[in-house]
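Okay, so here's the structure we're looking at.
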Amino acid sequence: MMSDDPFEAIKVTFFQECDELLGDLEAGLLAIEAGEADDETVNAVFRAVHSVKGGAGAFGLDDLVRFAHVFETLLDEIRSGRKPCDETTVKTLLRAADLLADHIAAARGQGAPVDEVRSSSLVVELEQLTHGEAAASPETAGPTEPAPPEPDEFGFRPIAFDLSALDAPVGTVETVARRWRVVFRPHARMYANANESGLLLRELARLGPVEVTLDHSTLPALGDLVAEESYLTWTVDIETSAGEAAIREVFDFVESDCELSVSPAPAPDMPDEPAKADDLDIAALLARAKADAPAPAPAPAVAPPPAPTTSPAPAAPSTPAAQTPAAPVASAVTIRVDLDRVDRLINVVGELVIQQAMLAQRVVESGLARSSGISVGLEDLELLTREIQDSVMAIRAQPVKSVFQRMPRLVREVAEMTGKRVRLVTEGEATEVDKTVVERLAEPITHMLRNAIDHGLEGPEDRAAAGKPAEGTVTMVALHRSGRIVIEISDDGRGINRERVRGIAVSRGLIPDDAVLSEEEVDNLIFLPGFSTADAVSDISGRGVGMDVVRRSIQALGGRISIASTPGKGSTFTLSLPLTLAVLDGMVVSAAEQTLVTPLTAIVESLTPRAQDINFVGGHDAVIRFREEFVPLIDVGHVMGFRATPADPSSGVAVVIETEAGFRAALLVDAIQGQRQVVIKSLETNYQQVEGVAAATILGDGRVALILDVDAIVANARRRSARPALKIAS
């Protein structure tokens with residue numbers, strides 16, 4: 001539950017934004033590594049670290065600020081073109097991004113304390129890349145830095161850094177301290193974009209001694225105050241050797257959202273100098289700004305800092321009261337909502353769908369004419385219910401990017417542990433799926449990636465001997481297919497050694513010696529409990545629980561997993577999952593006096609079988625002619641065990657379906673009751689897993705109906721047809 005303390009609530013928001021910033025940071029660094037980065041990508045990477053640092057400073061997270069500052073400094077050198085971004089630098093930046101995530105997790109209280117030796121060592125590497133080999137040493141990095149000073153007169157806690165080595169090339173930075181006058185008036189849109197004046201004033205104070213004057217002459221009476229408007233103007237006299245460019249850089253990311261002038265300050269004894277505002281007033285206003293601000297950290301720079309100029313910028317109008325407040329800029333408004341509230345809303349919508357179906361059923365049973373006013377109202381209610389359901393599900397839709405962006409770090413760590421060179425390629429990160437599905441994808445994907453690197457990819461020497469690049473490639477793709485989400489994880493490694501896999505399965509008693517298995521079935525042996533091809537237990541694999549855990553995790557989501565492998569070329573794991581765990585459109589059918597639901601996305605066509613279109617293969621396997629081809633005809637009632645003998649094919653209805661693999665078959669049912677939207681209820685959670693059944697639902701008359709897993713039914717029928725006597729030990 002979120003704390004009632006407003007400051008703590010803002011802190012929670014800051015950490016949520018850190019997750020997004022870390023994702024942007026990872027994506028940008030990977031683009032740089034792949035040579036696909038432009039100037040904006042480099043700037044985005046810098047902004048991510050800069051925003052983390054700014055927010056961390058507001059909450060006194062000193063360790064995080066120290067590390068982010070060193071990280072940010074190197075990035076600033078790179079984006080300015082003063083430092084090249086070679087392969088060594090990119091790899092160091094990626095490790096720094098991983099450590100930054102660890103610092104954030106530790107500050108958040110969700111991770112172990114950061115190893116100070118590791119942090120200090122990486123700080124030294126970053127500073128050496130920034131300033132040269134002699135610029136840093138373990139004695140001056142990390143926790144041995146001086147303790148941060150006490151809060152200053154503005155209520156801020158400055159952090160001391162050794163900036164002696166930050167001098168730019170001769171001629172680009174002024175070395176003589178000069179006094180500058182900064183007049184800064186924010187527009188309303190600056191605050192709407194989650195920026196904060198207090199943080200900007202603090203950044204100015206880092207450049208040198210400052211004197212701040214607040215002009216609140218445009219502040220209206222309390223009754224006329226508009227919360228979203230901006231009324232204050234700050235005048236800051238600063239003495240610094242950094243120069244005008246450094247001062248403007250502080251405001252670089254809000255330049256279009258404020259009125260700003262930077263000019264040489266008049267002498268201190270000039271009569272026109274404004275009187276200094278009371279320090280207590282400034283502290284109170286800054287405290288109120290921090291409490292009211294929508295986010296603790298300002299959005300970072302969008303463009304590189306402007307070049308130094310010899311002429312001062314135009315001064316702000318001398319009378320702030322004459323300035324007209326800028327109108328807020330229209331933008332998309334977002335809110336953060338507790339996920340439990342959304343879950344409750346979805347549950348209520350699910351019950352609404354059930355009640356609407358029950359009400360429609362009662363109207364039919366009562367014998368009311370379909371043209372009556374009640375029936376018309378029910379049709380309108382059905383449309384509204386569907387619209388509500390679609391809107392609610394859209395709220396929960398989330399790109400799989402949130403899962404994909406965690407994987408590059410995993411790949412780097414596993415590659416380092418195994419001594420292999422690995423490149424991760426991702427596609428379809430914007431593919432949206434229900435948030436619950438997304439959250440539960442991380443563990444199985446992690447297992448499969450570790451398996452692909454540890455077991456699938458060869459070492460550099462073996463790859464070279466096989467004529468492959470020394471660097472292996474693992475590809476992770478997400479896409480929508482037939483109303484489901486499909487995730488494919490493939491590698492270009494050695495593929496599955498089927499002879500070895502079969503031998504291990506026999507030696508561990510997982511299959512009998514004389515079992516007749518197809519290549520596909522041999523590949524799928526790796527999903528059996530206790531199966532492992534690792535020669536020894538390690539931190540990566542060898543305990544025989546990984547792929548079995550993956551299969552059970554996917555099945556718990558109403559999905560399935562399959563594998564395709566080519567020896568010497570690699571393997572592909574395919575995960576197929578429902579887009580949502582709440583509602584689906586289905587065709588209600590009858591088979592052997594049982595009511596079943598077939599997912600509408602799998603149905604191609606329905607037809608009444610004719611005797612002349614039905615043939616039998618081997619005397620017992622029925623096939624039916626469909627559009628100039630023959631497809632298997634599967635009696636659902638018989639396959640599901642509802643009746644002992646197959647029904648007469650010509651006495652029912654054939655529903656032609658297409659599996660996710662593109663295989664077509666016809667499901668023979670007794671009758672079709674109609675199309676209906678049904679609420680999914682997990683059968684595994686409430687009962688147990690049943691082969692051929694994906695889930696259950698409640699019909700309008702209160703009965704429970706099973707939702708068919710058409711892929712499993714077709715696969716089971718094909719196995720029975722090919723080898724009816726085959727038995728595999730479980």
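For the range 476-498, the tally of residues that are farther than 30 Å from ILE511 by Cα and in a loop (DSSP other than H, G, I, E, B) stands at 2.
Could you look through the range 565-594, keep only residues that are open to solvent by 20 Å² or more (accessible area, probe 1.4 Å) and polar (S, T, N, Q), and pick out the one that is nearest to ASP462 (Cα to Cα)? So the residue we want is THR566. Residues in the range 59-74 that are within 18 Å of ILE10 (Cβ to Cβ) and open to solvent by less than 30 Å² (accessible area, probe 1.4 Å): PHE59, LEU61, LEU64, VAL65. So is ALA647 in a loop (DSSP other than H, G, I, E, B), in contact with an Asp or Glu (Cβ under 9 Å, 6 or more places away or on another chain) and modelled with pLDDT of 85 or more or not? Considered against the rule, which asks whether it is in a loop (DSSP other than H, G, I, E, B), in contact with an Asp or Glu (Cβ under 9 Å, 6 or more places away or on another chain) and modelled with pLDDT of 85 or more, ALA647 comes out as yes. If the condition is being open to solvent by less than 30 Å² (accessible area, probe 1.4 Å), within 18 Å of ASN193 (Cα to Cα) and of a type outside the set (Val, Ile, Thr), then the range 233-257 contributes PHE251, ASP252, PHE253, ASP257. When each of ALA464, ALA452, ALA430 is tested for being in contact with a strand residue (DSSP E or B) (Cβ under 8 Å, 6 or more places away or on another chain), modelled with pLDDT of 85 or more and either open to solvent by 20 Å² or more (accessible area, probe 1.4 Å) or not hydrophobic (A, V, I, L, M, F, W, C) (or both), the lone residue that passes is ALA430.
Tell me yes or no: at least one residue of the range 390-406 is farther than 22 Å from LEU29 by Cα, over 22 Å from the mean Cα position of the chain (by Cα) and open to solvent by less than 40 Å² (accessible area, probe 1.4 Å). Within the range 390-406, none of the residues are farther than 22 Å from LEU29 by Cα, over 22 Å from the mean Cα position of the chain (by Cα) and open to solvent by less than 40 Å² (accessible area, probe 1.4 Å). For ALA168, the test of being of a type outside the set (Asp, Glu), at positive phi and modelled with pLDDT under 85 is failed. Can we say GLU413 is closer than 22 Å to GLY28 by Cα, out of contact with any His (no Cβ under 7 Å at 6 or more places or on another chain), open to solvent by 20 Å² or more (accessible area, probe 1.4 Å) and in a helix (DSSP H, G or I)? Here the answer is yes, as GLU413 does meet what is asked. Within the range 687-694, identify whether any single residue is surrounded by 17 or more Cβ atoms within 10 Å (Cβ to Cβ), within 35 Å of the chain's Cα centre (by Cα) and under 30 Å from LEU383 (Cα atoms), and answer yes or no. Yes, because at least one residue in the range 687-694 is surrounded by 17 or more Cβ atoms within 10 Å (Cβ to Cβ), within 35 Å of the chain's Cα centre (by Cα) and under 30 Å from LEU383 (Cα atoms). Take the residues in the range 36-53 that are under 17 Å from ALA106 (Cα atoms) and out of contact with any Phe, Trp or Tyr (no Cβ under 7 Å at 6 or more places or on another chain), then tell me which one is surrounded by the most Cβ atoms within 10 Å (Cβ to Cβ). Filtering the range 36-53 for residues that are under 17 Å from ALA106 (Cα atoms) and out of contact with any Phe, Trp or Tyr (no Cβ under 7 Å at 6 or more places or on another chain), the one surrounded by the most Cβ atoms within 10 Å (Cβ to Cβ) comes out as VAL52.
Among all residue pairs at least 6 apart or on different chains, which show Cβ distances below 7 Å where the first residue, located in the range 581-596, is within 22 Å of ARG386 (Cβ to Cβ) and of a type in the set (S, T, N, Q) and the second is assigned to a strand (DSSP E or B) and open to solvent by less than 10 Å² (accessible area, probe 1.4 Å)? Cβ pairs passing all conditions: THR595/VAL588; THR595/ALA705.
Within the range 90-121, the set of residues being over 14 Å from VAL65 (Cα atoms) and among the basic types (Lys, Arg) comprises LYS91, ARG95, ARG118. Under 7 Å between Cβ atoms, at least 6 apart or on separate chains: pull out the pairs that start in the range 106-130 with a residue that is farther than 20 Å from LEU61 by Cα and end on any residue that is assigned to a helix (DSSP H, G or I) and open to solvent by 30 Å² or more (accessible area, probe 1.4 Å). Correct list of pairs: VAL124/PRO138; GLU127/ALA135; GLN128/ALA135. Answer yes or no: is there a residue in the range 356-377 that is among the small types (Gly, Ala, Ser), closer than 30 Å to ILE489 by Cβ and open to solvent by 50 Å² or more (accessible area, probe 1.4 Å). There is no residue in the range 356-377 that is among the small types (Gly, Ala, Ser), closer than 30 Å to ILE489 by Cβ and open to solvent by 50 Å² or more (accessible area, probe 1.4 Å). Looking at THR385, THR436, THR473, just one residue is open to solvent by less than 70 Å² (accessible area, probe 1.4 Å) and in a strand (DSSP E or B), and that residue is THR473.
The values are calculated or read from the model by the stated rules, or taken from the named source; none is laboratory data. On a predicted model such as this, the values are computed, not experimentally measured, just so you know. Counting neighbours? That spans all protein chains shown, and the Cβs are built from the backbone with ideal geometry, glycine included. What goes into the accessible areas is simple: the full protein's heavy atoms, side chains included, and nothing from ligands, DNA or RNA. Shrake-Rupley method; radii C 1.70, N 1.55, O 1.52, S 1.80 Å.
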